[in-house]
Amino acid sequence: FRLSDIHAALGISQLKKINNFIKTRNNIAAKYKKLLKDLPVKFQKINNRIKSSFHLFIIKFVHKGNIKNYSKIFSYLRNKKIGVNLHYLPVHLHPLYKNMNLKFDYLKKSEEYSKAALSLPIYVGLKTRDQVHVIKNLKIALRKYK
């Protein structure tokens, strides 16, 4: 990929702020963990010798009912204008491969993960009140779609 001069200048200016960005994202992740501690979710495992940039904040539902109703929970949050997302959809489930009608019985774990993992909004400008809004609506969705 060839960067234009403007993109390169923007990249250099952002690199000067990288430590602050990482610190802010780590603080946001810590708040999420605190706010989510009583919910049936697991968090990304981060090696404590490594400082994560938390470019994503992924939760994984551990209650079978939540996993069964994943699409309803996802839609509910999206309808509330909360930018949740599914990351890491298994390649064989992408439209190109799905339409080929190939069988991948040995990839069940990746399919299970994609039906249980959800990324919550995380970005440098995310306010605590926005996180509280996300968690409040996640709790509502979990109660509603048990």
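Per-residue HN-Hα couplings for region 84-91, Karplus 6.51 cos²θ - 1.76 cosθ + 1.60 at θ = phi - 60°, whole Hz, x for Gly and Pro?
Whole-Hz 3J(HN,Hα) from phi for region 84-91: 6, 8, 9, 10, 6, 5, x, 4.
Could you look at the chain and say what percent of its accessible area is carbon and sulfur, using a 1.4 Å probe and all protein chains?
Summing carbon and sulfur atoms, their accessible area is 56 percent of the total for the chain.
Hey, got the dipole for the chain? About the Cα centre, +1 on K and R Cβ, -1 on D and E Cβ, debye to the nearest 20?
On the way: 32 positive and 6 negative charges, 138 e Å.
The dipole magnitude comes to about 660 debye.
Whole number please: convex hull volume per residue of the Cα set in region 39-99, in Å³?
Given the Cα convex hull of region 39-99, per-residue volume reads 144 Å³.
Which of I50, I73, I59 moves most in a GNM of the chain, Cα contacts under 10 Å?
I50
Taking only protein heavy atoms into account and a 1.4 Å probe, give the accessible area per residue of the chain in Å². List each step's numbers first, then the result.
Working: 10500 Å² over 146 residues.
For the chain, the per-residue accessible area is 72 Å².
With label points built 7 Å along Cα→Cβ from the Cα atoms of M100 and N20, find their separation and express it in nm.
4.7 nm
Over the chain, what relative contact order in percent results from Cα pairs under 8 Å that are six or more residues apart?
Values: 133 pairs, mean separation 46.4, N = 146.
With pairs under 8 Å counted, the relative contact order is 32 percent.
Rank these residues by their accessible area, most exposed first, probe 1.4 Å: R49, R78. Please list the in-between numbers first.
Numbers: R49 205, R78 105 Å².
From most exposed to least exposed: R49, R78.
Given the pairs K31/K115; K16/K37; K17/K68; K17/K144, which are separated by over 30 angstrom at their Cα positions? Could you put the intermediate results ahead of the total?
Numbers: K31/K115 25 Å; K16/K37 34 Å; K17/K68 41 Å; K17/K144 41 Å.
The pairs that break the limit, which is 30 Å between Cα atoms, are K16/K37; K17/K68; K17/K144.
Putting +1 on Lys and Arg Cβ atoms and -1 on Asp and Glu Cβ atoms, find which of P95, N69, F54 reaches farthest to the positive end of the dipole of the chain.
N69
Starting from the Cα of K81, draw a straight line to each of the lysines and keep only those under 16 Å, dropping any in the same chain fewer than 8 residues away.
Candidates past the 8-residue exclusion: K72, K127, K136, K139.
Using only the Cα atoms of region 1-71, each taken as one equal point scatterer with no solvent, compute I(q) by the Debye sum, divide by I(0), and report log10 of the ratio at q = 0.12, 0.16, 0.24, 0.26 Å⁻¹.
Reported log10 I(q)/I(0), two decimals: -0.51, -0.73, -1.08, -1.17.
Mean-square fluctuation check for the chain, GNM, Cα pairs under 10 Å: which of S53, S110, S119 is largest?
It is S110.
Between [x] 1.11; [y] 1.22; [z] 1.05, which entry matches Cα Rg over 2.2 N^0.38 Å as derived from the coordinates of this structure?
[y]
Please give the length that would be gained between Y88 and H55 if that part of the chain were fully extended, namely 0.36 nm times their separation in residues minus their C-alpha to C-alpha distance (nm, one decimal). Provide the component values of the computation, followed by the final result.
On the way: separation 33, 0.36 × 33 = 11.88 nm, distance 1.36 nm.
Gain on extension, Y88 to H55, equals 10.5 nm.
Between V62 and R2, what FRET efficiency comes out of the Förster formula 1/(1 + (r/R0)^6) with R0 = 35 Å and r the beta carbon distance, rounded to 0.05? Could the numbers behind the result be given before it?
On the way: r = 45 Å, r/R0 = 1.27.
Computed FRET efficiency for R2 and V62 comes out at 0.20.
The values are calculated or read from the model by the stated rules, or taken from the named source; none is laboratory data. None of the values given here were measured: they were computed from a predicted structure. As a convention, Cβ positions derive from the backbone with ideal geometry for all residues, glycine included, and neighbour counts pool all protein chains shown. The area values use the complete protein model at the heavy-atom level, side chains included, leaving out ligands, DNA and RNA. Shrake-Rupley method; radii C 1.70, N 1.55, O 1.52, S 1.80 Å.
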